[in-house]
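Chemist: What follows is a single structure, and I will ask about it in a moment.
Please treat every number below as a calculation from the coordinates, not as lab data. Predicted model, so just to flag it, every value in this text is computed and none were measured. Because the Cβ atoms are built from the backbone with ideal geometry, glycine has one as well, and the counts that use them run over all protein chains shown.
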Amino acid sequence: MITISPSTQKMLALSMLSGVGPATLRRVVSHGLVSAPIIELSQRIPAIAKAVAVPSAWELAQELAQKQRDAAEKAGAYIISALDEGYPALLSATKDDPFILFVKGALFKTPEKSVAIIGTRQPTKHGEMITRRITDFFCGQHWSVVSGLALGCDGIAHRAAIEAGGHTVAVLAHGLQTVAPSQHRKLAEEILNSGGALVSEYRFGQGALPAQFVKRDRIQAGLSQGVVMIQSDLKGGSLHASRAALDYERWLAVPYPTTADELANEPKIQANLMIANSDADIDRANLLKCHISRLSKVIVLRAKEDYPRLVYAPVSVLEDLEEEMPLDDDEGREQASSMLKGDGLSKSSLDNLHSCAAPAEGIRHDQSDSQSEDDGGRSEPGSSDQIGQTQEASGSTCKADTTSDPKADLTVQQKLL
């Protein structure tokens with residue numbers, strides 16, 4: 001089984017350095033320095049120079065990367081980066097993708113056919129029915145269903161995809177050593193056993209923190225052609241993925257509530273009502289934190305006859321990803337190409353890896369997910385990420401690099417691995 005390619009392992013080690021995150025890793029690639037020794041990297045990349053100025057920092061980073069590889073092997077998981085063929089193209093096309101992903105199970109066979117179906121933890125009866133109906137539709141079209149394994153709409157979507165014989169991916173807000181909320185540990189096993197996948201940008205050993213669910217929601221949108229937000233109140237966590245979809249210039253679909261839910265003034269449909277109100281563009285744009293022009297990407301679903309509009313509204317992001325990681329010179333261009341075709345994880349390598357993956361019961365249950373169990377896996381807006389990986393504001397257009405103290409990480413790894 002191929003757990004990680006040599007180039008990705010080097011990127012993983014670099015990411016363990018203090019102050020080095022996805023933006024710096026992209027800079028390494030764009031400068032054609034993937035195969036360069038650490039001395040040359042420190043001479044060309046200021047963030048790396050600052051990090052390795054600390055005695056033994058590079059040696060410690062390599063040790064941490066090896067521990068992550070060992071943990072992935074033990075869990076039957078694998079680690080991919082934007083250098084690998086198997087890295088999701090839709091995610092790579094976003095401006096704030098994590099560059100490195102930890103995966104257990106099988107990703108999409110046709111990555112361009114994927115949709116995020118998300119929503120409140122407390123849907124109405126109509127919300128539950130619509131979640132199943134929309135999931136069944138996409139599975140019938142052979143699309144992969146992406147969601148966040150949270151209670152409520154997320155769990156319903158995952159289960160409906162499994163029951164329909166479809167493919168589903170759960171994006172987690174913590175390392176793959178655990179599952180949060182704990183109520184969905186069995187569901188996580190069912191996802192793997194059905195041929196789906198668990199995906200995270202967080203390292204093995206990282207527990208669930210509220211702020212990480214916001215970033216998780218953006219990855220759901222990044223992995224998908226568009227987002228279907230089943231139901232949400234005006235401050236719901238589901239709005240994070242909805243905003244991200246528009247930020248990535250992808251479509252956002254919202255089912256219009258039933259008359260019964262409207263008459264009952266259900267709290268969990270209030271965001272749907274506002275987003276569907278074409279006469280209140282300023283309010284809609286404020287809720288979705290987007291420019292008014294992005295509202296053209298909003299699709300209101302009033303009947304099941306509207307569903308085909310989603311299938312025939314593709315996102316043009318898969319044609320040429322070279323623009324996403326521009327190379328400064330011919331040498332760098334050739335080097336990145338060789339990484340993609342050479343020691344990166346190829347499609348055939350990933351297929352082989354999927355067939356050899358460990359059984360789902362290998363998921364380790366730890367006690368670090370108590371906070372996320374309380375909120376069912378969806379956080380409220382306004383929290384900040386403090387775990388030391390890529391720091392990214394929800395609406396930001398830049399990619400900041402901040403990482404945790406490698407020594408602290410090593411302590412965590414020694415305790416949890």
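Chemist: So which residues in the stretch 173-200 are among the charged types (D, E, K, R) and more than 22 Å from residue 110 (Cα to Cα), if there are any at all?
Modeler: 185, 186, 189 - these are the residues of the stretch 173-200 that are among the charged types (D, E, K, R) and more than 22 Å from residue 110 (Cα to Cα).
Chemist: Criterion first (over 29 Å from residue 192 (Cα atoms), β-branched (Val, Ile, Thr) and touching a residue at least 24 places away in the same chain (Cβ under 8 Å)) does residue 28 satisfy it?
Modeler: Here the answer is no, as residue 28 does not meet what is asked.
Chemist: Sticking with this structure for a sec: Restricting to the stretch 106-144, what's the tally of residues that are of a type in the set (Phe, Trp, Tyr) and either in a loop (DSSP other than H, G, I, E, B) or touching an Asp or Glu at 6+ places or on another chain (Cβ under 7 Å) (or both)?
Modeler: Number satisfying all stated conditions: 2.
Chemist: Next up: Can you report the number of residues in the stretch 12-51 which are buried (at least 21 other Cβ atoms within 10 Å of the Cβ) and farther than 22 Å from residue 98 by Cβ?
Modeler: Summing the residues that are buried (at least 21 other Cβ atoms within 10 Å of the Cβ) and farther than 22 Å from residue 98 by Cβ in the stretch 12-51 gives 0.
Chemist: Further question: Which members of the stretch 199-231 meet the condition of being buried (at least 24 other Cβ atoms within 10 Å of the Cβ) and either part of a strand (DSSP E or B) or free of Cβ contacts under 8 Å to residues at least 60 places away in the same chain (or both)?
Modeler: 199, 200, 227, 228, 229
Chemist: If I ask for residues that are among the polar types (S, T, N, Q) and out of contact with any strand residue (DSSP E or B) (no Cβ under 9 Å at 6 or more places or on another chain), which ones from the stretch 72-98 would you list?
Modeler: Across the stretch 72-98, the qualifying residues are 92, 94.
Chemist: Can I ask one more? If you check 70, 97, which single one turns out to be within 30 Å of residue 195 (Cβ to Cβ) and surrounded by 22 or more Cβ atoms within 10 Å (Cβ to Cβ)?
Modeler: Only one candidate passes the filter, namely 97.
Chemist: Considering only the stretch 247-257, I want to know if a residue exists there that is part of a helix (DSSP H, G or I), in contact (Cβ under 8 Å) with a residue 40 or more places away in the chain and over 17 Å from residue 277 (Cα atoms).
Modeler: Yes, some residue in the stretch 247-257 is part of a helix (DSSP H, G or I), in contact (Cβ under 8 Å) with a residue 40 or more places away in the chain and over 17 Å from residue 277 (Cα atoms).
Chemist: Something else: Where the second residue is aromatic (Phe, Trp, Tyr) and the first is closer than 17 Å to residue 27 by Cβ and lies in the stretch 37-57, which pairs have Cβ atoms under 6 Å and are six or more apart or on separate chains?
Modeler: Here the result reads 38/58; 52/58, each pair linking the stretch 37-57 to a residue that is aromatic (Phe, Trp, Tyr).
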